[in-house]
1. Please enumerate the residues belonging to segment A:6-44 that are within 14 Å of another protein chain (Cβ to nearest Cβ), under 19 Å from the mean Cα position of the chain (by Cα) and at pLDDT 90 or above.
2. Would you point out which residue out of B:Asp132, B:Asp90, B:Asp77, B:Asp108 is more than 33 Å from the chain's Cα centre (by Cα), modelled with pLDDT under 90 and not polar (S, T, N, Q)?
3. Only one of B:Phe2, B:Phe80, B:Phe34, B:Phe63 is within 30 Å of B:Phe184 (Cα to Cα) and among the hydrophobic types (A, V, I, L, M, F, W, C). Can you tell me which?
4. Within the group A:Val123, A:Val198, A:Val129, which residue is more than 15 Å from the chain's Cα centre (by Cα) and surrounded by 21 or more Cβ atoms within 10 Å (Cβ to Cβ)?
5. Taking the stated definitions as given, is A:Lys66 within 14 Å of chain B (Cβ to nearest Cβ) and either in contact (Cβ under 8 Å) with a residue 12 or more places away in the chain or among the aromatic types (Phe, Trp, Tyr) (or both)?
6. Residues in segment A:135-181 that are in a helix (DSSP H, G or I), touching a helix residue (DSSP H, G or I) at 6+ places or on another chain (Cβ under 9 Å) and more than 23 Å from A:Lys107 (Cα to Cα): how many?
7. Which condition does A:Glu60 not pass, out of (1) more than 13 Å from every other protein chain (Cβ to nearest Cβ); (2) touching an Asp or Glu at 6+ places or on another chain (Cβ under 9 Å); (3) assigned to a strand (DSSP E or B); (4) not small (Gly, Ala, Ser), if it passes all the others?
8. Looking at segment B:83-106, I want the residues that are over 18 Å from B:Leu70 (Cα atoms) and in contact (Cβ under 8 Å) with a residue 24 or more places away in the chain and have a partner that is part of a helix (DSSP H, G or I) and not aromatic (Phe, Trp, Tyr) with Cβ atoms under 7 Å, at least 6 apart or on another chain. Which pairs are those?
Amino acid sequence: MAEILKVKGLVKRYKELIAIDHLDMSIREGEIFGLLGPNGSGKSTTINCILSLLEYDKGEIEIFGKPMSPKAYEIKRQIGIVPQDVAVYDALTVYENIDFFCGLYIKDKETRKKYVQEAIDFVALNDFVKFKPGKLSGGLKRRLNIACGIAHKPKLVFFDEPTVAVDPQSRNKILEGIEQLRQNGATIIYTSHYMEEVEQLCDRILIIDKGHTIAEGTVDELKGMIKKSEIITIEVAGLDDETLSMVREVKNVYSVSYENNQLKVEAGSGKHNVIDIVNLLQDKGYKMKKIFSEQPTLNDVFLELTGKQLRDE
Amino acid sequence: MFKYSIIKMFRSIGGLFWMFVFPLVLMTAMHFAFDSIYSYQNSIDPMKTILITEGQGVYQEGFEDLIESLSEEGSEDQLFILEEADSLEDAKAKLAGEEAEIIFVVSDGDVEVYLQENHSITSAAVAGSIADTYKQRYQLIADAWEQDPAFAMELVNNAVENVTYTVSEEDAFGAEPNPYNWYFLSTLVMGILFMAMMGINMVGDLRADVSAVAMRYSVSPARKGQMVVTAFAARVIPGLVIVAIQLMVMKYVFGIYLGNDYLKLALFVVSAVMFAISFGVICGLCFKGNVTQRGNKATSLIMISVFLSGEMISQLPGLFERYFPIFNKINPATVLNMALFKLTIGNSAEGFFMNIAEIIGLTVVFLAIGIAVLRREKYASV
């Protein structure tokens, strides 16, 4: 797959503060690329630099193989943006808003009319075309925000935290829409501090903190970078110290605790961790009631790599 | 973009209120307030009056002439209907019997006024005012006669020309300069100055570090320079429409005199609207905060500017002119007011063009700065 966006050695300073510190990124055609980090980590600053909205101190940015600049109008023509804040006009209706922003890219009236209708269909706002944004719920406003950013059928779309303050139902619709956009051929850059969304949606993820790259890769690759890969919880009564010692000796296990008849085992990567422990307890004659196995999350990855929680709210 | 920018302007309730509705509401209130003053003055019915002359002399003759001129039947200035009386006692009896409302007793160097026991405020005000004015003017002329007879004659002539106790509505709202016209013109200027909101709105539309909507503009392939010009034009047109409607309401509904030179009036309106919007652009660029916060700050500034230009107290610009004249030159509301006042009332072409030159000059400077800043494609912070 062709490389759509390339960022090399990007540095952005605000006086003494280094907002982005030698950031590298490479995004391939047709993928959904996640930019994950806590609030204030530099996600939006990175996007703004890429879009030439911000001057940066150092680095190279190429989009579609060409250097990005404020006057790179041909590149801009193929870019769409869905800002973090709902960026629409309250005085215009849903249809007028989409038509207005699409008009910044598409001058031909007939083509624009068709594109606007397709965008309305895409975000399912057909019943609200004559409504002004003030009459829409938070979720519908977010969908309008998306429609305004994608109506001109861009090849590269930036979604900057599009699900902030959105109810779960609308969030799912938005995520489904983004997946649909990718299937239609768009490349997506998705920034969020919601790890579940990024994990669910993105092919590859770049985790940043304080402008630094923490890790990059697929979800599995990122999880593979940390020691902990599984937490096994077994409800079992009357475990003796000898059995607990034997559990500690099981391959990949690095932490064992037993309280209130709950055996909690943290294990590293391994396919048969649960089976190995269950077999051991059965051999010793213990009866088990409930068995849980939790896979590590991106928050665990972030926690292990940075020593702090990813979500700060 | 142009079409929707205009639609946006006309749908902006807050903007329309300050630019269009508020000035008209204020004018309507002023119209009713001032209209009643003239109705009251014009509704003075001639009052039955008895004139008693004690002795003979120039003083008595002058007063007799004045009262007779104000008793001329059918005259617009008629205030009195002269009644006969044989003596002061007879006159007082008629006053008590309500056959007369006022008695003037003129002697050498003095005028006395007698009124009915339950006299009206009007009869007291008119009779008192005429007696006092005559006494003061006679004394002034008599003093002047001793010093300079020629100057005294001039005073006599002026006194005759200036004897006016009522002002007709036509005069007040017509060609005669008067403070009431000032208030209406000043209110129109206030509405025009509130068009600065459109300039602030323009900054919000085009600066990506001020609003998220502007981010969409900046990311789009649309040329920034073109966008600035289009955005400006899309705001000037609604502005002109609004002022045109207000002027028509002023002229045809409130009967405000707007001068005879409509070409100059059009020049004023175009310059003033462009000035207000460019002033708003500068305010939008200088103030901090989001678009609403910037708008609120500009509203405060405009209100202060309008107040100091004499919207509430028409004497204020005169005071500034005497003690701090530079303030009138830098206060945008005063500059606009003076141009309009000179055009419609002052009848001073030179003064008008001086003010218009100042308005256009400031507009060019503001626009140059505004375009230079707004057409920037990148910002220091977002």
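1. Passing the criteria: only A:Ile20.
2. Values: B:Asp132 fails: more than 33 Å from the chain's Cα centre (by Cα); B:Asp90 fails: modelled with pLDDT under 90; B:Asp77 fails: more than 33 Å from the chain's Cα centre (by Cα).
Criteria check complete, one pass: B:Asp108.
3. Working: B:Phe2 fails: within 30 Å of B:Phe184 (Cα to Cα); B:Phe80 fails: within 30 Å of B:Phe184 (Cα to Cα); B:Phe63 fails: within 30 Å of B:Phe184 (Cα to Cα).
None of the other options fit; the residue is B:Phe34.
4. Numbers: A:Val198 fails: more than 15 Å from the chain's Cα centre (by Cα); A:Val129 fails: surrounded by 21 or more Cβ atoms within 10 Å (Cβ to Cβ).
Step by step, each of A:Val123, A:Val198, A:Val129 is checked, and only A:Val123 is more than 15 Å from the chain's Cα centre (by Cα) and surrounded by 21 or more Cβ atoms within 10 Å (Cβ to Cβ).
5. Numbers: within 14 Å of chain B (Cβ to nearest Cβ): yes; either in contact (Cβ under 8 Å) with a residue 12 or more places away in the chain or among the aromatic types (Phe, Trp, Tyr) (or both): no.
Spelling it out, it is not the case that A:Lys66 is within 14 Å of chain B (Cβ to nearest Cβ) and either in contact (Cβ under 8 Å) with a residue 12 or more places away in the chain or among the aromatic types (Phe, Trp, Tyr) (or both).
6. Final tally of qualifying residues: 17.
7. With (1) more than 13 Å from every other protein chain (Cβ to nearest Cβ); (2) touching an Asp or Glu at 6+ places or on another chain (Cβ under 9 Å); (3) assigned to a strand (DSSP E or B); (4) not small (Gly, Ala, Ser) applied to A:Glu60, the lone miss is (2).
8. Qualifying pairs under 7 Å: B:Ala85/B:Ala91; B:Ala85/B:Lys94.
The values are calculated or read from the model by the stated rules, or taken from the named source; none is laboratory data. The structure presented is a predicted model; accordingly, all values stated were derived computationally and were not measured. Every residue, glycine among them, receives a Cβ derived from its backbone with ideal geometry; neighbour counts consider all protein chains shown.
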